[in-house]
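Novice: Following this message is one structure expressed as structure tokens.
Bear in mind that the values in this text are calculations on the coordinates, not laboratory data. Every value quoted in this text rests on a predicted model; they were computed, and no experiment measured them. Methodologically, a virtual Cβ is constructed for each residue, glycine included, from the backbone with ideal geometry; neighbour enumeration extends over all protein chains shown.
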Amino acid sequence: MKIVIDNGHGLNTPGKRTPILPDGTQIREWQFNFPTAKKLGELLIHNGFDIVYVSDTEEDTPLGTRTTRANEAGADIFVSIHYNAFQGTWGTHGGIETYHYPNSSNGQSLAQEIQRELIQETGLRDRGVKSANFQVLRETAIPAVLCECGFMDNLEEASLMLDEAYQWKCARGIAKGICSYLGVEYQELTENENEDSPQWAIDARAWAIENDISDGSRPKDPATREEVWRMLQKNAERVD
């Protein structure tokens, strides 16, 4: 099974950021979406899925490019990760909602599973499952959802955006929802598989698993010469 992961927007997409925080800074939506997408990818790989990132960059990948990549990948599910906003000024609105394309019964079922798991993992307000004519939902030929994992213009929820623990909660909720929808028993990562790993190491591990170069086990252990030879051989076979 193959899952397409889309992290919404780019680092510098106009308007996609919090209001001015009390310390005078702003958080960009991409700063939540991108690392959460990477965490989701790691969880899905751990659970035996193949993954495809359709917007794996700081740039704002065009929506049509995202959906074309998803359709060409021959994937089974499309999930887009976002952080919501109301009017761009601080308010008490908040919570999580998950969207599907209107009249997509499979998309609705997927959204329901993911929404339930997101609320269970995060404890945020449940804003429910909704339908919308978003381009990334409309132009994908597979069950597709868009997850709004909080509100950037709610001060409390904005403070969660850079919190890695919260990013993991959202990634876990989405992964659990996907597994539930597909009838797959969810397998949690053990703590030492992520503990103290910088993001580049997490990304490299996910890439090695995705390309069948390594099974991702023993990430902190030294490799034997035999293991290095085999990994190089696998990489050469992949290139050929």
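Novice: Nearest 10 degrees is fine. How inclined is helix 30-46 to the longest principal axis of the chain, computing both from alpha carbons?
Specialist: Once rounded, the angle reads 40 degrees.
Novice: Is any residue of the range 21-61 close enough, with backbone N under 19 Å, to a label point placed 7 angstrom from the Cα of S159 along the Cα-Cβ axis, and if so, which?
Specialist: Answer for this model: 21-29, 32.
Novice: Would you check the chain for Lys pairs whose C-alpha atoms are within less than 20 Å, ignoring same-chain pairs closer than 8 in sequence, and give me the count?
Specialist: Number of lysine pairs found: 11.
Novice: Per residue of the range 148-156, in order, report the coupling 6.51 cos²θ - 1.76 cosθ + 1.60 (Karplus, θ = phi - 60°) as ³J(HN,Hα) in whole Hz, putting x for Gly and Pro.
Specialist: Each residue of the range 148-156 in turn: 9, 8, x, 10, 5, 9, 10, 4, 5 Hz.
Novice: Using C-alpha positions alone, give me the convex hull volume of the chain per residue in cubic angstrom.
Specialist: Spelled out: Cα convex hull of the chain, divided by residues, is 131 Å³.
Novice: With +1 assigned to the C-beta of every Lys and Arg and -1 to the C-beta of every Asp and Glu, and no other charges, what is the dipole magnitude of the chain about the Cα centre in debye, to the nearest 20?
Specialist: I would put it at about 500 debye.
Novice: Report relative contact order for the chain in percent, whole number only (criteria: Cα-Cα under 8 Å, sequence separation at least 6).
Specialist: 23
Novice: Which residue fluctuates most in the GNM of the chain (Cα springs below 10 Å): L21, L40, L155?
Specialist: Per the Cα network of the chain with a 10 Å cutoff, L21 tops the list.
Novice: Most mobile of E72, E227, E42 per a Gaussian network model of the chain (Cα springs, under 10 Å)?
Specialist: Checking each option, the largest mean-square fluctuation is seen for E227.
Novice: What FRET efficiency comes out for E59 versus K2 if R0 is 30 angstrom and r is the Cβ-Cβ distance? Round to the nearest 0.05.
Specialist: 0.80
Novice: Between 0 and 90 degrees, rounded to the nearest ten: what's the tilt of helix 164-182 against the longest Cα principal axis of the chain?
Specialist: 80
Novice: If amide H atoms are built 1.01 Å from N in the plane of the peptide, which residues on other chains or at least 5 residues away come under 5 Å of the amide H of A85?
Specialist: M152
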